[in-house]
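The structure appears right after this line, and notes come after that.
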Amino acid sequence: NAVIVQIRSVGDAFYPSELAPWSRYLTGKEGEAPTPNYDPLAWMIEQAHQRGFEFHAWLNPYRATFDTNTETLNKDHDFFKHRDWMIKYGETGKEKYYYNPGIPEVQSQLTTVVEEVVQNYDIDAIHFDDYFYPYKEYNGGKDFPDNRTWSAYQNAGGNLSRADWRRANVNKFIKRIHDEIKAEKSDVQFGISPFGIWKPGYPEGIKGSSQYDELFADAKLWLNQGWLDYFSPQLYWKNDGPQSFTSLLKWWESENTKKRHLYPGLNTVGLRDVSDRPTEIVNQINVTRN
């Protein structure tokens, strides 16, 4: 069994860090240490291990803020230290700042953030969820405004399409995180819980959004290449709909050519059009066991 706890949500830290300020969601004010001062991450790891649980440190790499009220940010936040790394994105009144995945220095910084945690703590895994390039629905369907970085890539002789370039940015980052973790501590796992549909039509009959085309996240490649120790696709749908839980799970299993741990993510709360959610979830657990 494992406990998965988010320790970095928006360029901050729920632990003492040289790379990010204390999270306001821990103490009420960004950059302010707990009173009395202690290390919440070390405490959580100790408590988990005492009870026989693995501890998986969950980080959100690309999201920098939850809004555009920068007055709440600490002076040590990357927004102030590296303003050129940030892109504002979202519908009016709902904008957030994101790290630009197309900047090599961003990839290096975020890798260093992970390395700091792996080096300093007795964690069992690093965990990412489904946030890479942000969902278009967050911005009324409009594209991510990374024109400056895209133009720089083209001017430097880059010949990939814009979509392939974005996917390459994320792929390079995922592989680098895996390799750096293993170089530091080979027994620490790397796991991701991506959006559950790679592309519509995979497998046949599946409809819905495409992580490959909308988030520029090629999770199938990561699984095929073995860049992850465990894979937890968010299969947040019922069994008999256009996003069939069972069909998707079987498809992801067929793509698990490196035989990594496959832990499907179940939605115990938000399942739509299901009159008896407990029974649906139990049935999905049984599908997984079988």
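Taken together, the values in this text are just the output of simple stated rules run on the coordinates, not laboratory data. If you're wondering where the values come from, they're calculated on a predicted model, not measured in any experiment. Note that each Cβ is placed from the backbone with ideal geometry, even for glycine, and that neighbours are counted across all protein chains shown.
The amide H of Thr65, built 1.01 Å from its N in the peptide plane, has Tyr97 as neighbours under 5 Å, considering only residues 5 or more places off or on other chains. Per residue, the chain reaches -10500 deg cm²/dmol at 222 nm when only DSSP H runs of four or more residues are counted, each adding -39500 (n - 2.57). One quarter of the convex hull surface built on the alpha carbon atoms of the stretch 13-128 amounts to 8.0 nm², the projected area averaged over directions.
Which of Phe79, Phe66, Phe55 moves the most in a Gaussian network model of the chain with Cα springs under 10 Å? It is Phe66.
The aspartates and glutamates whose alpha-carbon is closer than 12 Å to the alpha-carbon of Lys94, local same-chain residues fewer than 8 away aside, are Asp67, Glu137. Note that the stretch 138-269 shows a convex hull volume over its alpha carbon atoms of 143 Å³ per residue. For the chain, the equivalent ellipsoid derived from the Cα gyration tensor has semi-axes of 29, 26, 20 Å, listed largest first.
Here the contact order of the stretch 1-144, divided by its residue count and restricted to Cα pairs under 8 Å and six or more residues apart, works out to 26 percent. Segment Ala152..Asn286, full-extension length gain: 43.2 nm, with 0.36 nm per residue of separation and the alpha-carbon distance subtracted. Working ranking of peptides 246-256, 201-211 by packing, defined as the average number of other Cβ atoms within 10 Å per residue, highest first, is 246-256, 201-211. Filter the cross-link list Lys88/Lys199; Lys207/Lys238; Lys182/Lys220; Lys136/Lys172; Lys199/Lys259 down to pairs whose alpha-carbon distance in this structure exceeds 25 Å. Violating the 25 Å limit, Cα to Cα: Lys88/Lys199. Measuring between their Cα centroids, the stretch 163-211 and the stretch 1-22 lie 21 Å from each other.
In a DSSP loop and with at most 10 other Cβ atoms within 10 Å, the trypsin sites (Lys or Arg not before Pro) in the stretch 44-125 are Arg51, Lys75. Once you sort the root eigenvalues of the Cα gyration tensor of the stretch 1-57 as a ≥ b ≥ c, which label holds: rounded (a/c under 1.5), prolate (a/b larger than b/c) or oblate (the other case)? Prolate is the answer for the stretch 1-57, as a/c is 1.5 or above and a/b outweighs b/c. Kirkwood radius for the stretch 65-162, taken over all pairs of different Cα atoms as the inverse mean of 1/r, rounds to 15.5 Å. For the stretch 1-70, GluC sites (Glu not before Pro) meeting the loop criterion (DSSP other than H, G, I, E, B) and having at most 14 other Cβ atoms within 10 Å: Glu18, Glu32.
Charge tally for Glu30 (other residues, Cβ to Cβ under 10 Å; Lys, Arg +1; Asp, Glu -1): 0.
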